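Shown next, in structure tokens, is the structure this report addresses.
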Amino acid sequence: MRKLMLLFFFISFIGYAQDNIVYKKFNSFNLNQERILKIYIPESFKENNKNTYPVAVLMDGEFLFDVYVANSKLFAARDKAPEQIVVGIYQNQNQERYSDCDYSEDTGLPNEESSKFYGFVRDELLPYLDDNYPTSLFKTVVGNTLTGNFINYFFLEETPVFNAYININPSYAPDLHQKLELKSQSLITQYFYYLSGGDFNTEKRTASINSTNGLLKLSENPNFKYHFDDFSNASKTASIGQAAASSIGFTFRQFAAISQQEFDEEIAEMEPGDAIEYLERKYVEIEYLYGSNVKIRESDIYKIEPIIIDKQNGDYLEEFGKMIMRLYPDTPLGDYYIGLYYETGYEYKKALKHYKNGYAKIGSDNANSDGYYANIERVLEKQRAERLGYIDGEAPSNEEEEPNNEGEGL
């Protein structure tokens, strides 16, 4: 029976490995002991080992790892966030979290024991991950209750080592909210700060969370990106999963495709040149902030298309088309916009050239080929009308009579 149990465990472990999850015993110099790490590597790394990924470091890895990985995979699959490398630190084998995250009652800052754990994360774990995994510069740290307080000490550094701080029901140390408020005002680069709570917490913890929220929500520093969730209608356990999902959506909001809200608030009133610049800048910022080299999504191209076509007589269609041709040279989209530019300018020969180039990229067996070929037919009809002398470029339909010159000169 014992052999069967061991065999079952071995098979289960192999299953985890196939799911890109590995366990590692990390021998820490600062802690003078081994710590168990649970590490998730995205599947796409096998397909392209040149990819780099943001990193999420999770305290209480036994409990937070699986729920965070599940949400990170879902958001990545929906293109709402980049894929992430996720690292869970085990802290509940022998109640390590209490010594790991303890603090001085006098200062509210790490004491001698917790300073060792702090050094382990900052000076050992993060360099190890950068040296052994395809990490980008963007790093997130996640904690819950006591560990939720501890992660804030990284934020208080002169130059914080993490870019995003996910505080789930944190048990804040005394006066920490004032330190956080001062830090939020001094940031000169962008950082994300997520906080969640609910009335399921103790009265003392709830008061501390509300005091912190009251201060941080007033910050006017544009580099301090802040979001608070009150999950009072949920249970404490359920709030962890809710916070994991909400925090990923908040942290990587700039990565996601243009939403209707973003379009209405930021883009709708722009002129074509500004809309194109906004689109290009969005993707430059995605790469700069998250380290993710993402091409401009076709959905975002379609999102600003009406502005380019309808405003300023379509004068920016050519520029728009050339940008898209650089991004998607094998698709007909860029040729379509350039063709439309020439068509609206009555340069039918040039328009026909680009529409034909685009049609050649589709192929006659494509389901969209007939719809695209309609562009060619429309321009051919306009050329015919132009030859017949119709000023508006529209020849009469088959039901209308064309000029009949038969018999002239007889």
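The values are calculated or read from the model by the stated rules, or taken from the named source; none is laboratory data. Keep in mind that what you see is a predicted model, and the values were worked out from it rather than measured. When we count neighbours, we look across all protein chains shown, and the Cβ atoms used for this are built from the backbone with ideal geometry, even at glycine. These accessible areas exclude ligands, DNA and RNA; they are computed on the full protein's heavy atoms, side chains included. Shrake-Rupley method; radii C 1.70, N 1.55, O 1.52, S 1.80 Å.
Restricting the chymotrypsin sites (Phe, Trp or Tyr not before Pro) of the stretch 25-101 to loop positions (DSSP other than H, G, I, E, B) with no more than 13 neighbouring Cβ atoms within 10 Å leaves PHE29.
Backbone phi angles across the stretch 99-114, fed through the Karplus curve with coefficients 6.51, -1.76 and 1.60 (θ = phi - 60°), yield HN-Hα couplings of 7, 4, 10, 5, 8, 6, 5, 6, 9, x, 10, x, 8, 4, 5, 5 Hz in residue order; Gly and Pro are listed as x. Rounded to the nearest whole Hz, the Karplus-based 3J(HN,Hα) values (6.51 cos²θ - 1.76 cosθ + 1.60, θ = phi - 60°) of the stretch 177-188 follow the sequence 4, 6, 5, 5, 4, 5, 5, 4, 7, 9, 5, 10, with x at glycine and proline.
Shown here for the stretch 81-162: GluC sites (Glu not before Pro) in loop regions (DSSP other than H, G, I, E, B) with at most 13 other Cβ atoms within 10 Å, namely GLU105, GLU157, GLU158.
Charge dipole of the stretch 258-390 (Cα centre as origin; +1 on each Lys and Arg Cβ, -1 on each Asp and Glu Cβ, all else neutral): 860 debye, rounded to the nearest 20. Using amide H atoms built in the peptide plane, which far-off residues or other-chain residues are under 5 Å from ALA56 H to H? Excluding prolines and chain starts, which carry no amide H, the hits are ILE85, VAL86, VAL87, THR140. Of the trypsin sites (Lys or Arg not before Pro) found in the stretch 99-139, no site is in coil according to DSSP while having at most 14 other Cβ atoms within 10 Å of its Cβ. The alpha-carbon positions of the chain define a convex hull whose volume is 210 Å³ per residue.
Placing +1 on each Lys and Arg Cβ and -1 on each Asp and Glu Cβ, with no other charges, gives the chain a dipole about its Cα centre of roughly 2120 debye. A cut-off of 5 Å between modelled amide H atoms, ignoring neighbours fewer than 5 places along the same chain, links GLN91 with ASP60, GLY61, GLU62. Each residue of the stretch 65-74 is assigned a 3J(HN,Hα), and the resulting list reads 4, 5, 5, 6, 4, 4, 6, 5, 5, 5 Hz, derived from the Karplus form 6.51 cos²θ - 1.76 cosθ + 1.60 (θ = phi - 60°), x at Gly and Pro. Note on LYS38: aspartates and glutamates with a C-alpha under 18 Å away, same-chain residues under 8 apart excluded, are ASP19, ASP60, GLU62, ASP66, GLU83, GLU96, ASP100, GLU124, ASP130, ASP131. Mean residue ellipticity at 222 nm, helices only, the chain: -15000 deg cm²/dmol; runs of at least 4 DSSP H residues each add -39,500 (n - 2.57), and the sum is divided by the number of residues. Take the Cα of ASN313, step 7 Å along the line toward its Cβ, and report every residue of the stretch 241-280 whose backbone nitrogen sits under 17 Å from that point. Within reach of a label on ASN313, which here means backbone N under 17 Å from a point 7 Å along Cα→Cβ, the stretch 241-280 contributes 272-273.
Restricting attention to the chain, close to 35% of DSSP beta bridges with both partner residues there are antiparallel. Look at where the Cα atoms of the stretch 87-125 and of the stretch 350-383 average out, and the two centres are 65 Å apart.
For the peptides 308-320, 243-255, 286-298, the ranking by packing is 243-255, 308-320, 286-298, with the highest mean count of neighbouring Cβ atoms within 10 Å listed first.
Summary value for the stretch 139-202: 35 percent relative contact order, contacts being C-alpha pairs under 8 angstrom separated by 6+ residues. Taking the alpha-carbon centroid of each part, what is the distance from the stretch 244-286 to the stretch 178-235 in angstrom? If you average the Cα positions of each part, the centres end up 24 Å apart.
The alpha-carbon of LYS295 sits under 21 angstrom from the alpha-carbons of these lysines, leaving out residues fewer than 8 places away in its chain: LYS46, LYS50, LYS73, LYS80, LYS282, LYS303, LYS322, LYS361. Look at the alpha carbon pairs under 8 Å that are at least 6 residues apart: their mean separation over the length of the chain gives a relative contact order of 10 percent.
The residues of the chain have, on average, 53 Å² of accessible surface per residue, using a 1.4 Å probe with all protein chains present.
If R0 is 45 Å, the Cβ-Cβ spacing of GLU377 and LEU74 corresponds to a FRET efficiency of close to 0.55.
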